[in-house]
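Written below as structure tokens is the structure these notes are about.
The values are calculated or read from the model by the stated rules, or taken from the named source; none is laboratory data. Just so it is clear, the model here is predicted, and its values are computed rather than measured. Positions of Cβ are generated from backbone atoms using ideal geometry, with glycine treated the same way; all protein chains shown enter the neighbour counts.
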Amino acid sequence: MNKAKVQKANIDWKNLPFGYVKTDYNIRYYYKNGQWSAGELSSDEIIPLHMAAPCLHYGQEAFEGLKAFETVDGRIVAFRPDENAKRLERSCERIFIPKISENMFLDAIKRVVAANARFVPPFGTGASLYIRPLVIGTGAKVGLGPAEEYLFIVFVTPVGPYYKGGFKPVRALVIEEFDRAAPQGVGDCKVGGNYAAGLRGSEYGHKRNFPIVLYLDPKEKRYIDEFSTSNFVAIKGSTYISPDSPTILQSITNKSLGVIAEELGMNVERRQVDIAELELFDEVGAVGTAAVITPVYSITYREKEYIFGTPDAAGPVITKLYDRLTKIQTGEVEDTHGWLFEIEV
Ligand code: COI
């Protein structure tokens, strides 16, 4: 067992927002002449970038989000980083970024988390170390085409809950006015452009007091796609339902919760979810690395508000799923699937 005997940073861990906190190191890998460098730790928060870099003009950029935790017995673990490596590989392939191997990705996670061990929130605080890998097309190029040089960088920052109040229900608004993804576009990839496209919908929702917005499929506007920040999950009786759509991100949290739901004796359905089904659901959640499972107590669609439980507390099934997932992440429930990736400090 690898007890983390690190003197922790002086941070108010229990009141951390989901924001940027300066840590000691990030790690950088450079791609030049057809190969990636070995990776180096840097304490610089600034990256030197040519103004003609394709990431700036043509959005040739992909990223990831995952978390590390301190377990009940003092280990430091990352949650399913191999899945993030695979998803990044898919995103890169789609926008012509050279392959980042799973080995290279895991090497980056190990090195950058170990170097910042004092920023991994102590067990029991509810906070975690958010890990943000990103890869950008660099070098000078003005014509439209993939860059010849790239930078893969991973930084970390300790975070609290994404939505204010933590595990507390929020209300959502269905956005039909704008789309975040195109039918045959890159909605299923974790690329910056999807999130930039979603800013308009989020802003529309925030102005109307909805912290989160829900998108429908961009082709028919009939099926539920995903939330601005996370996947959509509904509970109906003992069934866990989540959309199967070519324009949504494959959430690793959603995938893990599906496994947990089955272990709890639930049926899991991944299929097209008609917006007309809203009135049939008992509980709704927004699921993702940052959102974990944020309970959604109401969804407003075309002036009608659909209610799932109360604004005061999450429903019983979402509570059970949340408890089980977060306890696996902190080692309080046995990790029978090998989801925890231990990091030597
Ligand atoms: C994540 O959940 O890790 C994301 O990247 C979503 C982002 C809006 C914070």
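Brief remarks follow.
- Taking region 206-243 as the range and being part of a loop (DSSP other than H, G, I, E, B) and out of contact with any strand residue (DSSP E or B) (no Cβ under 7 Å at 6 or more places or on another chain) as the test, the residues that pass are 209, 218, 219, 220, 221, 237.
- Filtering region 212-237 to residues that are out of contact with any Ser or Thr (no Cβ under 9 Å at 6 or more places or on another chain) and either within 14 Å of the ligand (Cβ to nearest atom) or of a type in the set (Gly, Ala, Ser) (or both) leaves only 237.
- Candidate set: region 158-175, residues that are away from the ligand (no atom under 16 Å from the Cβ) and modelled with pLDDT under 95; chosen: the one nearest to residue 120 (Cα to Cα): 165
- Odd one out for residue 129 among (1) more than 17 Å from residue 249 (Cβ to Cβ); (2) in contact with a Pro (Cβ under 6 Å, 6 or more places away or on another chain); (3) assigned by TED's automatic domain parsing to the domain that holds residue 280: (3)
- When every residue of region 9-23 is checked against the conditions, at least one turns out to be more than 16 Å from the ligand (Cβ to nearest atom) and over 25 Å from the mean Cα position of the chain (by Cα).
- Selection count where residues are closer than 30 Å to residue 119 by Cα and out of contact with any helix residue (DSSP H, G or I) (no Cβ under 6 Å at 6 or more places or on another chain), scope region 168-190: 3
- Considering region 50-64, and only residues there that are surrounded by 16 or more Cβ atoms within 10 Å (Cβ to Cβ) and small (Gly, Ala, Ser), the residue that is nearest to the ligand (Cβ to nearest atom) turns out to be 62.
- Every condition in (1) more than 23 Å from residue 276 (Cα to Cα); (2) of a type in the set (A, V, I, L, M, F, W, C); (3) in a loop (DSSP other than H, G, I, E, B) is met by residue 156 except one, and the failing one is (3).
- Output for region 302-326, where each listed residue is of a type in the set (D, E, K, R) and loosely packed, with under 14 Cβ neighbours inside 10 Å: 302, 303, 304, 305, 312
- Residue 106 away from the ligand (no atom under 14 Å from the Cβ), touching a helix residue (DSSP H, G or I) at 6+ places or on another chain (Cβ under 9 Å) and either within 21 Å of residue 33 (Cβ to Cβ) or not aromatic (Phe, Trp, Tyr) (or both): yes
- Flag if residue 297 is within 16 Å of the ligand (Cβ to nearest atom) and among the hydroxyl-bearing types (Ser, Thr, Tyr): no
- Number of positions in region 23-49 that are surrounded by 12 or more Cβ atoms within 10 Å (Cβ to Cβ) and of a type in the set (Asp, Glu): 2
Let's see how each residue does on (1) touching a residue at least 12 places away in the same chain (Cβ under 8 Å); (2) out of contact with any Lys or Arg (no Cβ under 8 Å at 6 or more places or on another chain); (3) surrounded by 20 or more Cβ atoms within 10 Å (Cβ to Cβ); (4) farther than 23 Å from residue 177 by Cβ:
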residue: 224; (1), (2), (3), (4): yes, yes, yes, no
residue: 233; (1), (2), (3), (4): yes, yes, yes, yes
residue: 236; (1), (2), (3), (4): yes, yes, no, yes
residue: 239; (1), (2), (3), (4): yes, yes, no, yes
residue: 243; (1), (2), (3), (4): yes, no, yes, no
residue: 252; (1), (2), (3), (4): yes, no, yes, yes
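- Matching option when the condition is assigned to a loop (DSSP other than H, G, I, E, B), within 23 Å of the chain's Cα centre (by Cα) and of a type in the set (Gly, Ala, Ser), among 137, 126: 126
- Test: residue in region 293-301 that is within 18 Å of the chain's Cα centre (by Cα), assigned by TED's automatic domain parsing to the domain that holds residue 258, within 21 Å of residue 263 (Cβ to Cβ) and crowded, with 19+ Cβ neighbours inside 10 Å: yes
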